[in-house]
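Peer 1: Can you keep this structure in mind? I'll have questions shortly.
Bear in mind that the values in this text are calculations on the coordinates, not laboratory data. Just so you know, these numbers come straight off a predicted model, no measurement behind them. Quick reminder, even Gly has a Cβ in these numbers, built from the backbone with ideal geometry, and neighbours come from all protein chains shown.
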Amino acid sequence: MIVQSAKDDQTHLVMTMDQHTSFAAQLARCFGNEQFESVSPREQMLYVIRHHDAGWRLLDDLVLRDNNTGLPYNLGQTPFGEIIKTSQLSPDFNGETHPYCELISSMHSLGLYNGRYGMSDKVLLDILGDDNRELADTVLLKEKSRQVLLKNQLIKDSETAGWIEEKNLLQNYKQLQFFDTLALYFNCSSEESRSNISFSHVPESGVKDVTVNLRPIGLNRYQLRPYPFNESCIELFFCGRYMSPTKDEDSLRKIWQATPVERQNILLMAT
């Protein structure tokens, strides 16, 4: 899950990863204009963006409590043995729909550990303890093998062979990373704690990337330059439950089930 920061550090918006990816998919559907190519192949890309963290569903359903906070485990604080399972389960889920969805999902899983294929200076593998590093290496080796098999499968089909050309594949991967990190920017931070941020390696096309700069301008409005969406102002939302710390796991689950789902709305603007 994702536990959003809170001004009073008491009542937090808590989201499942499914709610996070639903928001990322909203961004993807609106992406594209004269400067930025929209996602393509559209059906497969919108599907994998919507489900790129599907491996978290069973884990989120458990509503595991972090004893340090009294809330559900926040993304990175989740026990590593549970996190690494999702790295395989997400591609497995996406593979039930299309091998290209599986490939992009696998790249996303692997990229979280290798610095997003060189696009981030945060390389999770470098900071893992020995036990976790051994477990991660085993899982990620399987993902690399999975990707080889999927590419060999996709290249045999004239419809999909072009999708795995390096420039096209990396463009799709970078698009997913933009939607994921932009969604996380809003999901992880409350309105009062959001500040200016830059998103690098956002693809205009298969051969050109740019940096998109975001600036809060008040009243849940955010200006992006260059602006990558298909309308000059888009209103989006994401969902979660407002939660306060609980005394034990049983009470957390009961409160989680009884708490209504609420929305946070944002406006993304060109000017």
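Peer 1: Using a Förster distance of 35 Å, how high is the FRET efficiency between residue 213 and residue 125, based on the Cβ-Cβ distance and rounded to 0.05?
Peer 2: Values: r = 29 Å, r/R0 = 0.83.
So, using R0 = 35 Å, E works out to roughly 0.75.
Peer 1: OK, next. Would you mind computing the Rg to Rh ratio of the chain from its alpha-carbon coordinates, Kirkwood style for Rh?
Peer 2: Values: Rg = 18.7 Å, Rh = 19.4 Å.
Ratio value, two decimals: 0.96.
Peer 1: Projecting each Cα onto the charge dipole of the chain (Lys/Arg +1, Asp/Glu -1 at the beta carbon, about the Cα centre), which of 222, 161, 183 comes out farthest on the positive side?
Peer 2: So the residue we want is 222.
Peer 1: Arrange the peptides 231-237, 67-73 so that the one whose residues have, on average, the most other Cβ atoms within 10 Å appears first.
Peer 2: On the way: 231-237: 13.6, 67-73: 17.3.
Per-residue mean Cβ counts within 10 Å order the peptides as 67-73, 231-237.
Peer 1: Follow-up question, since we're still on this one. Between 82, 191, 143, which gets the highest mean-square fluctuation from a Gaussian network model of the chain, Cα cutoff 10 Å?
Peer 2: It is 82.
Peer 1: Further question on the same structure: Distance from the Cα centre of the stretch 63-139 to that of the stretch 143-211, in angstrom?
Peer 2: The two parts, judged by their Cα centres, are 16 Å apart.
Peer 1: Something else: Could you name the aspartates and glutamates in cross-link range of residue 247, using Cα to Cα under 18 Å and dropping any fewer than eight places away on the same chain?
Peer 2: Of all the aspartates and glutamates, those that pass the test against residue 247 - Cα under 18 Å, at least 8 places apart if same chain - are 9, 66.
Peer 1: Pick out which of 130, 92, 248 has the largest mean-square fluctuation in a Gaussian network model of the chain, springs linking Cα atoms closer than 10 Å.
Peer 2: Sorting by GNM fluctuation, first place goes to 130.
Peer 1: What percent does the relative contact order of the chain come to when contacts are Cα pairs within less than 8 Å and at least six residues apart?
Peer 2: After rounding, I find 25 percent.
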